[in-house]
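Bear in mind that the values in this text are calculations on the coordinates, not laboratory data. Every value quoted in this text rests on a predicted model; they were computed, and no experiment measured them. With ideal geometry, Cβ positions are generated from the backbone for all residues, glycine too; neighbour counts draw on all protein chains shown.
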Amino acid sequence: MGNEICAMSATELLAAYDSGDLSPVQAAEAVLERIHDLNDAYNAFCLIDDDGALAAARRSEKRWLAGAPEGRLDGVPASVKDLVLAKGWPTMRGSKTTAREQPWVEDAPAVARLREHGAVLLGKTTTPEYGWKGVTDSPLTGVTKNPWNTAHTPGGSSGGAAVAALCGMGPLHIGTDGGGSVRIPSAFSGIFGIKANFGRVPVYPASPFGTLSHLGPMTRTVEDAALMLTVMAESDTRDAHALPFDARDFGATLKGGINGMRAAFSPDLGYASVDPEIAALVAAAVKSLAALGVEIEQIDPGFDNPQHIFRSHWYAGAAFVLRAMTDAQRELVDPGLRTVAERGEAITMEAYQKAVMARSHLTSHMREFHQSYDLLLTPTMSLPAFPLGSDTPIGLDGSSWDDWSPFTFPFNLTGQPAATVPCGFTSGGLPAGLQIVGRHYDEVSVLRAAYAFEAANPEHSKTPKFSAE
């Protein structure tokens, strides 16, 4: 029974609570057992709150028995990435420089919304230090492993959340995405993840990486992500950049159909190198969308590699993080993060301002591009998950995570919504992802296309054989 519960989606759990076939306490107990069975093997969670989760589940159970469930997620297990504040839990950010013993008295907006809607919060998921890179290991919490092949990375920086979702350690998981940190691990792990439009999900406190940073749901199904996004997108006055509140039920829009949607398919954005197996799987996925009625045109969006623009913003953010640290604290920091911060310190004000202007131009360019296309389709990743032990795959011509993730960070610069949906497996048994990018403010089309693709290709959503060893 426990395995069956852990395989259930949030929407299935809610239906089971409503029918009386299952209680929130049973669900919490099963999920917590799964976490404790597998976490030593995969390192998805860095904090597990059994007592808090079970107490919340018991409160939820009473509400369901009284016929008065609270909000949209009452009794559904959920996790919080360890970059996001949660009342009563240390938010260590994967860093030995963070003082654990301090008041933890505030929920970030997304956490507050989940709590208000009755979600059962399980604990915090692992992240690289300050979420700075595309794999998940940190000096504080060690290495997170990919359940498809434990010698490989699940990606990052929301790697713990991706592994938790894949393993049935709860159906709902909060991720953050400053350059791909929801989409990279979702693609490497074979789950669904969406970075909503910048400002759609309120953020507080502001990220040191500024307006690159987004929050988004990471789930096993598109329907769960739509449900979670509906909750996470509720308003919060603490975010200076939040969009005006749109009381949209994203789940109610999923079945609107995609026949007649216009999509551009860019296999390489005009500049990226892509593993042949990944390229073939993504091309097949695009054909599947065409068979569902999407009008496809193979065309690049027409911008040069914006990596230099991204790095000016990202490296400056890293420099800001370390600037407040003492020399002793800096010695405790991931050496790669120190290197990136040093590069950030070397960026002149003129160079940074040029990057800001170039970013504005790129955003305007994509707004114009989407006058002709509802969606842009690309690979999510240029390669499958690679072996642990390095921030960059051995043999790759590059030295940083953004060298091997060319499809994700451009859309943090532009701020438009972007999701990844599983689209098959390589000959080595590793997942591939199709990235679906929407015009600004149009999460609905992204979710609708992902939902239709998922429904037509259920074989892409399988799970590995889990092992506690």
>> Please list, in order, the residues from region 427-469 whose amide nitrogen is less than 13 Å from a point placed 7 Å along the Cα→Cβ vector of Thr150.
In response: 465-469
> Points 7 angstrom from Cα along the Cβ direction at Arg323 and His440: gap in nanometres?
Replying inline: 2.8 nm
>> Taking θ = phi - 60°, what integer Hz values does the Karplus form 6.51 cos²θ - 1.76 cosθ + 1.60 yield along region 319-324, in sequence order, with x for Gly and Pro?
In response: 4, 5, 4, 7, 4, 7
> Dividing the alpha-carbon Rg of region 323-447 by 2.2 N^0.38 Å yields what?
Replying inline: 1.31
> How big is the gap, in Å, between the Cα center of region 213-236 and the Cα center of region 363-405?
Replying inline: 22 Å
>> If you average the alpha carbon positions of region 297-349 and of region 250-289, how far apart do those two centres end up, in angstrom?
In response: 30 Å
> Given 37 °C and 0.692 mPa s, how large is the Stokes-Einstein diffusion coefficient of region 36-191 in µm²/s, with Rh as the Kirkwood radius over Cα pairs?
Replying inline: 211 µm²/s
> Given the C-alpha centroids of region 157-172 and region 34-58, what is the distance between them in whole angstrom?
Replying inline: 12 Å
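Going by average Cβ density within 10 Å per residue, which order do the peptides 421-430, 354-363 take, highest to lowest?
Values: 421-430: 18.9, 354-363: 15.9.
Ranked from most to least packed, the peptides come out as 421-430, 354-363.
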> Of the cross-linked pairs Lys96/Lys354; Lys287/Lys462; Lys255/Lys465; Lys87/Lys354; Lys81/Lys465; Lys87/Lys462, which ones have a Cα-Cα span greater than 29 Å in the structure shown?
Replying inline: Lys96/Lys354; Lys255/Lys465; Lys87/Lys354; Lys87/Lys462
> Hull surface divided by four, with the convex hull built on the Cα atoms of region 34-84: how many nm²?
Replying inline: 4.4 nm²
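Express the C-alpha Rg of region 202-285 as a ratio against the empirical globular expectation 2.2 N^0.38 Å, rounded to two decimals.
Details: Rg = 17.3 Å, N = 84, 2.2 N^0.38 = 11.8 Å.
Cα Rg divided by the expected 2.2 N^0.38 Å: 1.46.
Given the DSSP H assignment, sum -39500 (n - 2.57) over each helix run of at least 4 residues in the chain and divide by its residue total; what's the result at 222 nm in deg cm²/dmol, nearest 500? Before the final figure, lay out the partial values.
Working: 15 runs with 172 residues, N = 469.
Mean residue ellipticity at 222 nm (helix-derived): -11000 deg cm²/dmol.
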> Check Phe265: other-chain or 5+ apart residues with amide H under 5 Å from its amide H, H built from backbone geometry?
Replying inline: Glu297, Gln298, Ile299, Leu377
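For Asn3 and His308 in the same chain, what is the full-extension length gain: residue separation times 0.36 nm, less their Cα-Cα distance, in nm? List each step's numbers first, then the result.
On the way: separation 305, 0.36 × 305 = 109.80 nm, distance 4.64 nm.
Length gained between Asn3 and His308: 105.2 nm.
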>> Give me, ordered by chain and number, the residues 5 or more places off Thr125 or on other chains with an amide H under 5 Å from its own placed amide H.
In response: Cys46, Val80, Lys81, Asp82
> Given a Förster radius of 25 Å and the C-beta distance between Ala455 and Arg248 as r, what FRET efficiency does 1/(1 + (r/R0)^6) yield to the nearest 0.05?
Replying inline: 0.75
